[in-house]
Amino acid sequence: MNKELTVGEDVLQWAEKGWLIDKFLKGEIPKDDNNESFTYDYFRKVFIDEINRNISERLNPEPKHPEYEINFGKIK
């Protein structure tokens, strides 16, 4: 996730990198029996899930280096 990009730009980069969706739609990847294929409905679901995940991570980021208070004197 790149917080400097909008959610839309970030997810589109994810789709371009992971799915090569830009090359596929521009016809740069020829259709043949050796290429992976997917239905639009499947891609749409995955795309929406990625948008939701991206937004959730932005709204509730996990701490990079959580600090833990350790007090061994209280352990009995």
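The values are calculated or read from the model by the stated rules, or taken from the named source; none is laboratory data. Please read all numbers here as calculations on a predicted model, not as lab measurements. Note that we place each Cβ from the backbone using ideal geometry, even for glycine, and neighbour counts take in every protein chain shown.
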### Message
I need every pair where a residue in segment 41-59 that is farther than 13 Å from Leu12 by Cα has its Cβ under 6 Å from the Cβ of a residue that is part of a helix (DSSP H, G or I), sequence separation at least 6 or different chains.
### Response
Ile55/Val7
### Message
Just the residues that are of a type in the set (S, T, N, Q) and exposed (fewer than 13 other Cβ atoms within 10 Å of the Cβ), please, taken from segment 1-13.
### Response
Asn2, Thr6
### Task
Can you run down the residue pairs with Cβ atoms below 7 Å, 6 or more apart or on separate chains, where the first is in segment 14-36 and at pLDDT 80 or above and exposed (fewer than 14 other Cβ atoms within 10 Å of the Cβ) and the partner is part of a helix (DSSP H, G or I) and of a type in the set (Val, Ile, Thr)?
none
